[in-house]
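**Student:** Next up is a structure, given as structure tokens.
The values are calculated or read from the model by the stated rules, or taken from the named source; none is laboratory data. No experiment lies behind these values; they were computed from the predicted model shown. Neighbour counts run over all protein chains shown; Cβ positions are idealised from the backbone, glycine included. Each accessible area value is taken on the protein alone, full model and side chains, heavy atoms only, with ligands, DNA and RNA left out. Shrake-Rupley method; radii C 1.70, N 1.55, O 1.52, S 1.80 Å.
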Amino acid sequence: MNVLNYRNNFSCTGIAIVASLILGIISAFLQITAAITVTTPFLWVVFGIAVVYLAVTLIAASLTQRTTSCRCSTLNAVLIGILGTILFAVILLAIEFAATSIIGAIITGTLLFFFSLMITTTACLVKCLVNCNN
């Protein structure tokens, strides 16, 4: 995945990955200190959003006929975010973790990393599709 453009600056996808990583790390620390808790309804909502995102992305990709240089790398990042969100939501739904469990905090941080990656790279994909290179 190309996260650097030709001027050696971070592209939108690179910024989205870094921002999502920071959010995932912060949420893991907040989970381990029990400042936040991830409940089962939240996990179901995140899972549902990711499944709907996958369907909408499939429809949008099939309707978009033109190709741009950033489209494939950004679409790959969106799909990675969607599939990672689904995977880690299912893991957290299937396995019960203690509120201050280290493993639970790591998986929760990873879930929120993928969820925020899905959201932020969707914004990058929209920016790419309208040829906004600023």
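**Student:** Please count how many residues of region 77-111 are open to solvent by 30 Å² or more (accessible area, probe 1.4 Å) and either under 17 Å from Ala19 (Cα atoms) or part of a helix (DSSP H, G or I) (or both).
**Tutor:** 14
**Student:** Okay, moving on. Among the residues of region 61-76, which ones are of a type in the set (Val, Ile, Thr) and either open to solvent by 80 Å² or more (accessible area, probe 1.4 Å) or modelled with pLDDT of 90 or more (or both)?
**Tutor:** Of everything in region 61-76, just one residue is of a type in the set (Val, Ile, Thr) and either open to solvent by 80 Å² or more (accessible area, probe 1.4 Å) or modelled with pLDDT of 90 or more (or both), namely Thr67.
**Student:** Kindly list the number of the only condition in (1) touching a Cys at 6+ places or on another chain (Cβ under 8 Å); (2) surrounded by fewer than 19 Cβ atoms within 10 Å (Cβ to Cβ) that fails for Ile26.
**Tutor:** (1)
**Student:** Here is a further query. Give region 80-108 a look and list any residue that's free of Cβ contacts under 8 Å to residues at least 60 places away in the same chain and under 14 Å from Thr120 (Cβ atoms), or say none.
**Tutor:** Result: Ile80, Ile82, Gly84, Thr85.
**Student:** I'd like the residue in region 117-134 that is among the polar types (S, T, N, Q) and out of contact with any Gly (no Cβ under 7 Å at 6 or more places or on another chain) and, out of all such residues, is surrounded by the fewest Cβ atoms within 10 Å (Cβ to Cβ).
**Tutor:** Among those that are among the polar types (S, T, N, Q) and out of contact with any Gly (no Cβ under 7 Å at 6 or more places or on another chain), it is Asn134.
One line per residue, one yes/no per condition, for (1) modelled with pLDDT of 90 or more; (2) out of contact with any helix residue (DSSP H, G or I) (no Cβ under 7 Å at 6 or more places or on another chain); (3) not in a helix (DSSP H, G or I); (4) not hydroxyl-bearing (Ser, Thr, Tyr):
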{"site": "Thr13", "(1), (2), (3), (4)": "no, no, no, no"}
{"site": "Val18", "(1), (2), (3), (4)": "yes, yes, no, yes"}
{"site": "Ala28", "(1), (2), (3), (4)": "yes, no, no, yes"}
{"site": "Leu43", "(1), (2), (3), (4)": "yes, no, no, yes"}
{"site": "Ile59", "(1), (2), (3), (4)": "no, yes, no, yes"}
